[in-house]
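K.L.:
Structure in C-alpha cells, see below.
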Amino acid sequence: MPKVTIKAGDCLTSIAHASGHDPNTIWDHPDNEGLKELRERPSALLPGDVLEVPAIEEKEESVSTGSVGRFKLSVGPVRVRVTLTRQGEPRADEAFELLIEGHDPIAGTTDGDGKIDEVVPPDTKVAILSLNDGKEQIKLKLGHLDPHDTPSGVQHRLRALGYYFGALDADHGDRTAAALRRFQTKQGLEVTGEADDATMSALRDAYGS
C-alpha cells in the first residue's frame, strides 16, 4: 500500500484528489487507525505524519449499448475558514474576495463574528484574501496550519484570533504565555498562561479546527 509522508501544504482532500479517492476512504482505512487516534481530525495532520493510501480497486458497471453512463468522483469540499478581528473585536459584515489563481474570485461578506467560511477548489494551495476594496490583502497558505496541540499550532490560532502578535517560532515564551492568559480570561478558563488540555480544546473550538 502506498504511503504518503505529509509535507507543509498537504491536506487529506488534496491527497485524495490526487490519488482518485474519497477522503473518507483514506482516513477510515484500518492502516490509518493509529494516525486517527493521534491526530483526531484529518485537518490536524502534521508534516512528517505518514498516511496510508490504499490502492484503487477496479469496479465494473453495466451500461446499455447506445447509452451514456456518468460517474462522479466525490472528494469532499475544501473549505477556507478565517476569523477576522481588529483589536480583539470581530470584523463583522465586511466585504471580501478570495482570489485563487486560475479561478473566478469568490466574493462574500464576513458574518457577525467576523468569520469567513467558503468552499474552494480541492487543489488550492494558496489564496489571497482581499479586503477594503483591495487595499488590504492577506496571503493564505492552505494546509500549513499545524495541529492545535503543537506549539506552532497554538501560536497560529492565537494570532488568527487576535491574541498573539509575536513571532511564529513555536517558542512558549513570555509573549505566548501573555496571549494564552488573554485568551483564557476571555474564555472564562483558569488563567495560567499554559497550553493545558482545557485551553487547547477551547482554542480549537474558537478557531474552528
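Here, each number is a calculation from the coordinates, and none is a lab measurement. As the structure is a prediction and not an experimental result, all values here were calculated from the model. Every residue, glycine as well, gets a Cβ built from its backbone with ideal geometry; the counts of neighbours run over all protein chains shown.
K.L.:
Pull out the extension gain between Asp113 and His144, defined as 0.36 nm times the separation in residues minus the alpha carbon to alpha carbon distance; nm, one decimal. Working shown, then result.
P.N.:
Details: separation 31, 0.36 × 31 = 11.16 nm, distance 2.36 nm.
Extra length from Asp113 to His144 when fully extended: 8.8 nm.
K.L.:
A further question on this structure: Would you mind checking which residues have amide H under 5 Å from Val78's amide H? H placed 1.01 Å from N; only 5 or more apart, or other chain.
P.N.:
Amide H neighbours of Val78: Val120.
K.L.:
In Å, the Kirkwood hydrodynamic radius of the chain over pairs of distinct alpha carbons?
P.N.:
On the way: mean 1/r = 0.0521 Å⁻¹.
Kirkwood hydrodynamic radius for the chain: 19.2 Å.
K.L.:
Could you name the lysines in cross-link range of Lys115, using Cα to Cα under 30 Å and dropping any fewer than eight places away on the same chain?
P.N.:
The qualifying lysines are Lys7, Lys36, Lys125, Lys135, Lys139, Lys141, Lys186.
K.L.:
Let me ask something else. Hey, if you put +1 on the Cβ of every Lys and Arg and -1 on every Asp and Glu Cβ in the chain, which of Pro2, Gly134, Ala170 ends up farthest toward the positive end of that dipole?
P.N.:
Highest projection toward the positive end goes to Gly134.
K.L.:
Placing +1 at every Lys and Arg Cβ and -1 at every Asp and Glu Cβ, with all other atoms neutral, what dipole size does the range 105-180 have around its Cα centre, in debye to the nearest 20? Write out the running numbers ahead of the final one.
P.N.:
Values: 8 positive and 12 negative charges, 36 e Å.
Charge dipole, the range 105-180, about its Cα centre: 180 debye, nearest 20.
K.L.:
To the nearest 10 degrees, how steep is helix 197-207 against the longest Cα principal axis of the chain, on a 0 to 90 scale?
P.N.:
70 degrees
K.L.:
Also, I was wondering about something else. Using only DSSP helix segments of four residues or longer, with each worth -39500 (n - 2.57), what per-residue ellipticity at 222 nm results for the chain after dividing by its residue count and rounding to 500?
P.N.:
Working: 6 runs with 55 residues, N = 209.
After summing the helix terms and dividing by the residues of the chain, the value is -7500 deg cm²/dmol.
K.L.:
Non-local amide H neighbours of Thr85 (under 5 Å, H modeled in plane, Pro and chain starts lacking H): which ones?
P.N.:
Arg91
K.L.:
Here's another thing I want to ask about it. Could you run the Karplus curve 6.51 cos²θ - 1.76 cosθ + 1.60 with θ = phi - 60° over the range 131-143 and give me ³J(HN,Hα) per residue in whole Hz, x for Gly and Pro?
P.N.:
10, 6, 6, x, 6, 10, 10, 10, 7, 9, 9, 6, x
K.L.:
Let me know the charge dipole size of the chain about its Cα centre in debye, to the nearest 20, where only the beta-carbon of Lys, Arg (+1) and Asp, Glu (-1) is charged.
P.N.:
Details: 24 positive and 36 negative charges, 113 e Å.
Dipole of the chain, to the nearest 20 debye: 540 debye.
K.L.:
Now for a different question. For the chain, what is the relative contact order in percent, using Cα pairs closer than 8 Å and at least 6 residues apart in sequence? List each step's numbers first, then the result.
P.N.:
On the way: 326 pairs, mean separation 37.1, N = 209.
With pairs under 8 Å counted, the relative contact order is 18 percent.
K.L.:
Around Gly48, with a cut-off of 14 angstrom between Cβ atoms, what is the net charge of the other residues, counting Lys and Arg +1 and Asp and Glu -1? All intermediate terms of the calculation are to be shown ahead of the outcome.
P.N.:
Working: positive: Lys3, Lys7, Arg39; negative: Asp10, Asp49, Asp146.
Local net charge: 0.
K.L.:
Starting from 0.36 nm per residue, how many nanometres of slack lie between Ala170 and Lys59 once their C-alpha separation is accounted for? Before the final figure, lay out the partial values.
P.N.:
On the way: separation 111, 0.36 × 111 = 39.96 nm, distance 4.65 nm.
My answer for the length gained is 35.3 nm.
K.L.:
Placing unit charges on C-beta atoms (Lys and Arg positive, Asp and Glu negative, everything else neutral), compute the dipole magnitude of the range 3-52 about its Cα centre in debye, rounded to 20.
P.N.:
Numbers: 5 positive and 9 negative charges, 42 e Å.
So the dipole magnitude of the range 3-52 works out to roughly 200 debye.
K.L.:
Taking square-rooted eigenvalues a ≥ b ≥ c of the alpha carbon gyration tensor, is the range 3-52 rounded, prolate or oblate, where a/c under 1.5 means rounded and, failing that, a/b exceeding b/c means prolate?
P.N.:
Verdict is oblate for the range 3-52.
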